[in-house]
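**Q** Got a structure here, written out as structure tokens. Questions coming.
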Amino acid sequence: MAFELPALPYAHNALEPHIDELTMQIHHGKHHAAYTTNLNAAIAGTDLEGKTIEQILEKCIDTPAVRNNGGGYYNHNLFWQIMAPNAGGQPSGELADAINKAFGSFDGFKEQFSKAAATRFGSGWAWLCVKKGGTVEICSTPNQDNTLMPGIGCDGYPILGLDVWEHAYYLKYQNRRPDYVNAFFNVINWNEVAKRFAAGK
Ligand code: MN
């Protein structure tokens with residue numbers, strides 16, 4: 001059973017003006033599609049075929065084609081889900097409590113997450129992760145790595161991720177990555193992040 005590119009859960013233009021339509025078309029239809037195709041090619045005929053993506057990421061670290069394309073497949077699946085039109089704002093409930101405990105306040109979280117995204121040199125991701133027990137932590141990873149891979153980043157369960165590859169923002173923001181990071185906060189789907197928090201804590 002090959003992995004399939006999931007449909008976007010909203011229209012390509014639904015995240016305007018924060019994330020533009022053409023970027024979404026290329027990012028989902030070309031980049032994410034390529035990771036999916038290349039992941040399938042990399043695992044074809046190996047003992048990874050038929051495994052879940054999580055099982056693959058837990059053991060793929062020594063095989064670059066699986067690591068890069070498996071990470072790219074998983075990370076973008078997460079990325080589309082944790083954004084939504086008419087979203088943003090702040091989390092509530094247990095997730096808000098965990099964020100306040102770890103970072104002092106929502107603003108403290110926003111500052112540290114934005115810094116992680118801005119200072120990731122080259123291509124990669126900024127993450128908010130939950131550890132067993134419910135503590136949340138921020139980290140960043142290079143390329144398409146993520147924290148499900150053993151020993152990568154803070155090693156927690158990723159509940160929020162921001163793609164800081166130039167392909168994610170260059171058409172609209174060019175070199176202004178901090179503006180893109182700031183705009184991202186207007187489209188965070190905190191309901192989905194809270195679901196992931198509950199599943200991973
Ligand atoms: Mn991307």
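**Q** Looking for whichever is of a type in the set (D, E, K, R), within 25 Å of residue 95 (Cα to Cα) and within 14 Å of the ligand (Cβ to nearest atom) here; the options are 155, 145. Which one fits? I'd like the intermediate steps shown before the answer.
**A** On the way: 155 fails: within 14 Å of the ligand (Cβ to nearest atom).
It is 145.
**Q** Scanning segment 86-124 for residues that are part of a loop (DSSP other than H, G, I, E, B) and of a type in the set (S, T, N, Q), which turns out most open to solvent (accessible area, probe 1.4 Å)?
**A** Among residues in segment 86-124 that are part of a loop (DSSP other than H, G, I, E, B) and of a type in the set (S, T, N, Q), the one most open to solvent (accessible area, probe 1.4 Å) is 86.
**Q** When residues of segment 52-63 are filtered for being at pLDDT 95 or above and open to solvent by 20 Å² or more (accessible area, probe 1.4 Å), how many remain?
**A** The number of residues fulfilling the criteria is 3.
**Q** Can you pull out every residue in segment 168-191 that is open to solvent by less than 40 Å² (accessible area, probe 1.4 Å) and not hydrophobic (A, V, I, L, M, F, W, C)?
**A** 169, 173, 177, 180, 189
**Q** Anything in segment 127-147 that is open to solvent by less than 30 Å² (accessible area, probe 1.4 Å), touching a residue at least 24 places away in the same chain (Cβ under 8 Å) and not in a strand (DSSP E or B)? List them, or say none.
**A** Selection gives 134, 144, 145, 146.
**Q** Pairs, please: C-beta under 8 Å, at least 6 apart or cross-chain, first residue farther than 16 Å from residue 123 by Cα and in segment 166-189, second among the basic types (Lys, Arg) and surrounded by fewer than 19 Cβ atoms within 10 Å (Cβ to Cβ)?
**A** Partner pairs satisfying both residue conditions: 185/110.
**Q** Another question, if that's okay. Identify the residue in segment 1-51 that is closer than 13 Å to residue 66 by Cβ and charged (D, E, K, R) and, among all such residues, is least open to solvent (accessible area, probe 1.4 Å).
**A** Here the residue is 51.
**Q** When you go through (1) on the phi < 0 side of the Ramachandran plot; (2) open to solvent by 30 Å² or more (accessible area, probe 1.4 Å) one by one for residue 161, which number turns out not to apply?
**A** (2)
**Q** Then there's this: Does segment 188-195 contain any residue that is of a type in the set (Lys, Arg) and either more than 16 Å from residue 130 (Cβ to Cβ) or in contact with a Pro (Cβ under 6 Å, 6 or more places away or on another chain) (or both)?
**A** No, because not a single residue in segment 188-195 is of a type in the set (Lys, Arg) and either more than 16 Å from residue 130 (Cβ to Cβ) or in contact with a Pro (Cβ under 6 Å, 6 or more places away or on another chain) (or both).
**Q** Further question on the same structure: Consider segment 32-85. How many of its residues are in a loop (DSSP other than H, G, I, E, B) and within 14 Å of the ligand (Cβ to nearest atom)?
**A** 1
The values are calculated or read from the model by the stated rules, or taken from the named source; none is laboratory data. As the structure is a computational prediction, the values presented were derived from the model and not from experiment. Virtual Cβ from ideal backbone geometry, glycine too; neighbours counted across all protein chains shown. Just the protein is used for accessible areas: all its heavy atoms, side chains included, with ligands, DNA and RNA removed. Shrake-Rupley method; radii C 1.70, N 1.55, O 1.52, S 1.80 Å.
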